[in-house]
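Bear in mind these aren't lab numbers, they're just calculated from the coordinates by the rules spelled out. Computed from a prediction, not measured in an experiment: that's the story for all the values here. Here the Cβ positions follow ideal geometry from the backbone for every residue, glycine too, while neighbour counts run over all protein chains shown.
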Amino acid sequence: MPNRDQSNSDTTVKKGRTVYNYRATVISVYDGDTLTLDIDLGFHITVRETFRLARIDAPELRGGTEGSKARAREARDFLLSEVPPGTEVVVTTEKQGKYGRYIAEVLYESGEDVYNLSNRLVSKGLAINVRY
C-alpha cells in the first residue's frame, strides 16, 4: 500500500472506463458489504461516502429469517474485526450503484499482507460472488 509521501489519489482508464484509487479511513461498518469511509482527496480535503463492496453480496441485517440475520451479523462482525473504525485502506471505485453508494474494491494491510475485503468475505463463506 502507498505510504503517506505518495499521491493521495490516482486515476486510470481501463477499456473506456475511468477507475479512481484513493486512500481512505474506515469510519463505520453497516453490514457485511457496506461501509462508510473518509476519502483523502489530498490538500487536506476529505469526503465521507458510503461504499458497497464490489462483486459480492452478504446477507442483510433487515428482513429475512433469523438464520439469515445471524449470518448477516457474522459477516458484519468479521468486517469490523478486519477493518475496525480508524483503519487505513485503499479504495478503487468506478461507479455508483443503484442506491447511491459507490461500488468499491477495498484493500487493507494485515501484518505483512495486503487483502481485498470482497475476496476475504467470500473465502470465509460470509458472502457470495455476484455480478451487477
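Extension gain, residue 112 to residue 130: 0.36 nm times the residue separation minus the Cα-Cα distance gives 3.6 nm. When the Gaussian network model of the chain links Cα atoms closer than 10 Å, the mean-square fluctuations of 112, 60, 88 top out at 112.
With K and R counted +1 and D and E -1, the other residues having a Cβ less than 10 Å from that of residue 116 yield a net charge of +1.
Using a 10 Å cut-off around each Cβ, can you sort 46, 93, 18 from fewest to most neighbouring Cβ atoms?
18, 46, 93
How high is the FRET efficiency from residue 68 to residue 30, r the C-beta distance, R0 22 Å, rounded to 0.05? Once rounded, the FRET efficiency stands at 0.85. The residues packed around residue 59, meaning those with a beta-carbon under 15 Å from its beta-carbon, carry a net charge of 0 if Lys and Arg are +1 and Asp and Glu are -1. Lysine pairs in the chain whose alpha-carbon atoms fall under 28 angstrom of each other, counting only those eight or more residues apart or on distinct chains, come to 8. Seen from a random direction on average, the alpha-carbon convex hull of region 9-129 projects onto 8.2 square nanometres. Helices in the chain, meaning DSSP H runs of at least 4 residues, each add -39500 (n - 2.57). Divided by all residues, the mean residue ellipticity at 222 nm is -5500 deg cm²/dmol.
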